[in-house]
Every structure is written in C-alpha cells, then in structure tokens.
Amino acid sequence: MRITDLNSGQDIGSNCLLVQIAGLHFLVDAGMHPKREGYPALPDLRNLPPLDYIILTHCHLDHLGSLPVVLRKQPRVPVLCSPASAIVARRILRNSVGVMMRRRDEAGVREYPLFTYGELDAVESALHALPLQAPRVLRAHDGSEVSITLYPSGHVAGAVGVLLEHRHRKVFFTGDVLFHDQETVPGARFPDFPVDTLVTETTHGATPPREDVTRASETERLLASINVTITHGGSVLVPAFAFGRMQEMLTLLNKARQRGALAQCPIFCSGLGVDLCDYLDMMSRKSGGTVNFRRAVLSDLKAQPLDRRFTPPGQDVAEKGIYILSSGMLVENTPAWRVAANLLDHAHNTIAFVGYCDPDTPGGRLLARRRGDSFIFHGLDHVAKIRASVENYYFSGHAARNELVDFARRCDPRAIVITHGDPEARQWFEEEFAIELPHAKVTNPEPGVEYTV
Ligand SMILES: [Zn+2]
Ligand SMILES: [Zn+2]
C-alpha cells in the first residue's frame with residue numbers, strides 16, 4: 001500500500017489521505033482546516049490522480065469540508081460512507097457555505113465560498129451508504145478484489161473506522177475514535193483481529209489521561225453546577241457544538257429531569273444544533289442502533305427557541321434559565337456569544353463549556369481568564385468584568401492516548417501510520433509505539449510525501 005498525507009501540515013487540520021492499493025486510488029476524507037481561511041484551508045489537491053473511490057469517515061468539517069471541491073474536479077467518484085453520514089453530510093456542508101459567505105463579508109476572504117449551495121446536489125448524488133460491518137467487494141484494475149468494511153468508531157453520529165483488505169493483507173484506519181459510550185452514540189466497535197497496517201488518530205497524544213474523570217462524573221458535576229446556579233436565581237449558558245454535543249446535552253438534561261435531578265427552569269435552544277436534532281432523529285431510525293437520539297427530547301424538555309430581542313450587553317438576561325446554544329467555542333456574532341455578554345458580569349450566572357476550546361477562540365480566551373479580569377466582547381462595544389462562574393467540563397469525543405496504544409497492541413500491526421494530531425501528540429505516540437510495539441515500523445508522514453507501508 002502507498003499512502004500520501006495531503007493535509008497541509010502535521011496537525012489535526014484538513015484530513016485527507018491518498019491511498020493506493022492494488023492499483024486503486026482511494027481518498028480517505030477530504031477535510032477543511034478549522035484554523036485557516038480561504039484556499040490555505042484546503043488539503044493539497046494539486047496533483048490528485050484520477051480517484052476510484054472516496055471514503056468519508058464522518059461529517060466533521062475537518063474530514064468532510066472540502067469534499068465538494070474534490071468532486072468538482074472529479075465528479076463521478078463514488079463517496080463511500082455510513083448510512084448515518086449519508087443523511088447529514090449535505091446539511092453540514094450547507095451550513096459551511098453560509099459560514100464562508102459570512103466570513104467573506106466580515107473578514108474580506110475574497111475566495112469564499114469555496115463551493116456553492118448549487119454544488120451540493122453533486123455531493124448528494126455521489127454518496128453511497130454502506131451497511132456497517134458488512135464487507136463490500138470492489139474490483140481492482142488487475143481483476144483482484146479489494147474489500148472495504150466500515151466499523152462504528154463512536155466519536156460522533158455516523159463515524160466509522162475503515163478496513164481495507166487485499167489478498168489477505170489488512171489495513172485499518174481508526175478515523176476519529178471514542179471507545180466509551182456517549183449519551184447519543186455508543187462507543188467504537190472495532191475489529192478484534194490482527195491487521196498489517198494501522199492508520200491511527202493521535203488527538204490526545206499530548207494529554208495525560210485523567211483516570212478520575214469519566215463522562216458519568218462530569219455529568220454529575222455539570223448537573224450540580226446547573227442546579228446550584230438555578231436555585232440561586234442565576235442562568236446557565238452551555239455553549240455546545242451543533243453536531244452531536246448539543247443533542248448529547250439535551251438528552252442528558254432530559255434524563256436528569258425525568259429522574260428529578262434537574263432544577264425546574266425554562267430551557268432555551270438555538271442555532272444549527274436545533275435543526276440537526278431532526279437529522280439525528282432520522283439517523284437513529286436508520287442506522288441500526290449506532291445513534292440514539294429522539295427529537296422528542298425538545299418537547300419533553302419544553303425547550304423554547306431563543307427570543308432574539310436581547311437585552312443590552314452587560315445587562316442580565318430577561319428570562320432566567322438554561323441556554324444551550326450552538327457554537328461550542330463561543331464564536332463571535334453567534335447567539336451564544338450574545339448571551340455570554342449578558343451573563344458574564346453577574347456573579348449568580350454560570351458559563352459551562354462542554355467541549356474542547358481552541359486557545360485562539362473567544363471560548364479559549366475566556367477560559368484562560370480569572371474571575372475579576374475584564375473580557376472584551378468585540379463587535380458589541382462591551383468590556384465585561386468576569387463575575388460569573390466560568391467552568392470547563394470534559395466531554396471529549398476522542399479516545400485517551402493509552403486506549404489507542406492498547407488498541408494498537410491488539411492489532412499487532414507491522415506498520416503504523418500516525419495522523420490527526422498536533423506535533424507534540426504525534427511525538428508522544430512515536431515514542432510510545434517504539435516501546436510498546438518495537439517491531440512495528442512507525443511513520444509520521446510529511447505532507448505530500450508518498451510512503452510505502
Ligand atoms: Zn471528528
Ligand atoms: Zn477530526
């Protein structure tokens with residue numbers, strides 16, 4: 001097998017691997033870099049050979065975001081993905097077009113949007129959903145067979161790891177993986193047999209695991225904080241990623257309310273995440289138990305849309321309650337950002353982050369401040385004094401690093417390729433694999449360089 005990483009840097013970035021096996025050219029993911037703008041956010045697609053198949057591991061934009069650009073160049077390539085991903089891919093890309101158009105106007109990124117609403121029809125017709133854990137045989141140009149099998153990888157609704165087999169040679173791609181169950185997505189169910197080559201994500205390589213923190217313990221800590229805040233007359237803002245985390249928070253609150261563990265108060269929801277509730281509901285019904293979400297939680301919780309007649313920044317919200325708003329990193333010009341400008345100056349309120357916040361985002365900057373510091377709300381002409389409680393909860397969608405090493409040990413591969421991690425994360429895995437799997441050849445691919453593994 002030959003593999004070339006088309007991501008423009010050795011980071012999490014724009015995931016895109018070119019894989020050649022038995023003369024077939026596969027592209028595994030076609031992502032958009034979350035921290036770059038314009039053309040530099042794309043993978044390096046300049047020397048793309050004619051592709052036979054694109055494999056989509058899941059619908060986060062760092063894996064999906066440049067798919068329309070690839071299909072513009074090569075319109076007839078089938079995109080193989082899980083049934084759940086086939087349901088939501090177009091909706092996520094549609095939102096991406098809207099975000100790019102806003103960025104064109106706000107930040108003057110002239111090449112935005114990198115694709116249009118009109119091009120999403122081509123994406124929709126290119127998607128081929130494969131049933132999970134059922135090998136699909138593809139014919140190579142030399143007449144031999146390559147089979148592809150998708151395995152649920154936890155992480156987010158529809159996410160899969162991918163097994164490619166050719167003449168008894170097995171190559172497994174973890175994709176983004178979480179082995180533990182989430183409220184709405186069961187943990188990964190990966191193969192339990194040896195493989196020849198393992199291509200693994202390394203997101204948490206630089207983060208020592210915290211044995212004392214589990215999803216259950218973080219859920220209890222979050223509920224306790226919400227209840228204290230509400231009973232003391234405050235409000236809680238939970239900025240949540242639209243795809244997956246918002247539905248997880250809604251499900252978690254609904255279960256808590258049913259068992260009498262959530263204080264009575266109104267719940268407000270807004271943003272793409274509310275729209276995606278319909279999609280996750282459909283994914284649940286059509287994905288054979290790999291997604292568990294009912295849109296009825298919105299009505300069970302009597303969740304209300306956000307009244308956008310905001311009070312002025314610095315003045316507390318007019319209606320006390322729990323605000324679950326998409327934009328997990330509190331991006332500017334979003335309802336979450338606007339409500340934060342109402343809550344932050346008042347000591348009885350809480351802002352509870354429930355996902356990773358990049359340090360360069362407003363959410364990351366707020367988490368780095370302390371109570372009593374000031375915080376600038378750009379565009380709102382407001383400088384807040386931080387009096388509210390700003391908290392961080394650990395609801396990661398990625399496996400801990402020791403779990404990935406354990407999985408690699410069980411796979412007993414001859415070769416390991418490292419992907420999807422920042423430089424320190426990759427370095428930790430290189431060193432750990434050298435100790436734990438000394439017979440495996442470990443490759444941390446340079447962008448654009450072809451490797452035989
Ligand atoms: Zn992901
Ligand atoms: Zn990713």
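Rule-based calculations on the coordinates, nothing more; no lab input. All of these numbers come straight from a predicted model, not from anything done at the bench. Neighbour counts are summed over all protein chains in view; Cβ atoms, including those assigned to glycine, are modelled from backbone coordinates with ideal geometry.
For the reader, a short list of remarks on this structure follows.
- Efficiency of FRET from Cβ geometry, K255 and R410, R₀ 41 Å, rounded to 0.05: 0.80
- Net +/- balance of residues flanking A318 in space, Cβ distance below 9 Å, scoring K and R +1, D and E -1: -1
- Backbone HN-Hα couplings from phi across the stretch 440-453 [Karplus 6.51/-1.76/1.60, Hz, Gly and Pro as x]: 7, 7, 9, 10, 9, x, 6, x, x, 9, 7, 10, 9, 10
- Shape of the stretch 68-211, Cα gyration tensor, a/c cut at 1.5: oblate
- Summing charges over neighbours of G364, with a neighbour being any other residue whose Cβ is under 15 Å away from its Cβ, gives -2 when K and R count +1 and D and E count -1.
- R36 paired with R221, simple spin-label distance in nm, labels 7 Å along Cα-to-beta-carbon: 3.5 nm
- Tensor-based shape of the stretch 248-290 (alpha-carbon gyration tensor, a/c under 1.5 rounded, otherwise prolate or oblate): oblate
- Put simply, the amide H of L237, placed in the peptide plane, has neighbours under 5 Å in Y323, T350, I351, A352, leaving out anything fewer than 5 places away on its chain.
- Ascending count of other beta-carbon atoms within 10 Å, so fewest first, for C16, C269: C269, C16
- Mean Cα-pair separation over length for the chain, i.e. relative contact order, pairs under 8 Å, 6 or more apart, %: 17 percent
- Over the stretch 215-392, Cα pairs under 8 Å with separation of 6+ residues give a relative contact order of 27 percent.
- 5 angstrom amide H check on H346, placed H, neighbours 5+ away: R387, A388
- Rounded if a/c under 1.5, otherwise prolate or oblate - the stretch 215-392, Cα gyration tensor axes: prolate
- Counting 0.36 nm for each residue step from K286 to D212 and taking away their Cα separation leaves a gain of 23.1 nm.
- Only aspartates and glutamates eight or more places from K385 in sequence, or on another chain, were considered; those with a Cα closer than 12 Å are D345, D373.
- Total formal charge among the other residues, if their Cβ is under 9 angstrom from that of V156, Lys/Arg +1 and Asp/Glu -1: 0
- Amide proton proximity set for H382, modelled H, under 5 Å, gap of 5+: F377
- When you filter the GluC sites (Glu not before Pro) in the stretch 210-258 for DSSP loop state and at most 11 other Cβ atoms inside 10 Å of their Cβ, you are left with E211.
- Cβ crowding within 10 Å ranks R371, R46 as R46, R371, fewest other Cβ atoms first.
- Ordered by the count of other Cβ atoms within 10 Å of each Cβ, fewest first, S153, S326 give S326, S153.
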